[in-house]
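Each reported figure results from applying straightforward, stated rules to the coordinates on display, with no laboratory input. Keep in mind that this is a model prediction, so the values were computed, not measured. Here the Cβ is made from the backbone with ideal geometry for all residues, glycine too, and neighbour counts use every protein chain on show.
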Amino acid sequence: MLKYLLVSFFLIFTSSCEKIDFFYEDSKSFESPLYNKSIYEISGDEIPYVYQYVVDYLGGKSSNKYYLISIHIEEERVKRAVQTNQAISRMDYEIDFSYNVKNLEKNCGVFNRKITSTFTYTPKSSGFNFGSDKSLDKMYEIIIQKNLEQFINFVSKDGISNCIDEN
């Protein structure tokens, strides 16, 4: 009897999972017109993981470079709640990413936009806490990913074929 239950459970389980796709079929929605076609320079405030995600979203080294992407980062931290012992119990972060894309062949700018991302961080203790530090790192990662995705969506939607300024 137990054997039949296990076999029927296995059959039901495998048949219910047959429609699961492990790859996103519509990969065109994630394509960037700048991927592996760009040189990028990052300036401003040092934010963890920026370089890693810029390479992931804009591509690595390639011989064909058509665009220069300048990313300027400014971070502002605002203490929202301070305890009596001056320990911070809540802090707001506002990170501005200013993107400037230049077409190297035409020698003109094709995209210029500032995208602001915000998050609130609540440390779990007033001193050093490994969990709180990891939580803050994860928040930075999420913000950087979302910001770069917004940038790629704007570039894909607005296009980068026409010059916005003549230099």
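For this structure, a couple of remarks:
- Across Lys37/Lys146; Lys114/Lys138; Lys37/Lys106; Lys37/Lys157; Lys114/Lys134; Lys106/Lys146, pairs whose alpha-carbon gap is larger than 25 Å: Lys114/Lys134; Lys106/Lys146
- By other beta-carbon atoms within 10 Å, ranking Ser70, Ser63 with the fewest at the front produces Ser63, Ser70.
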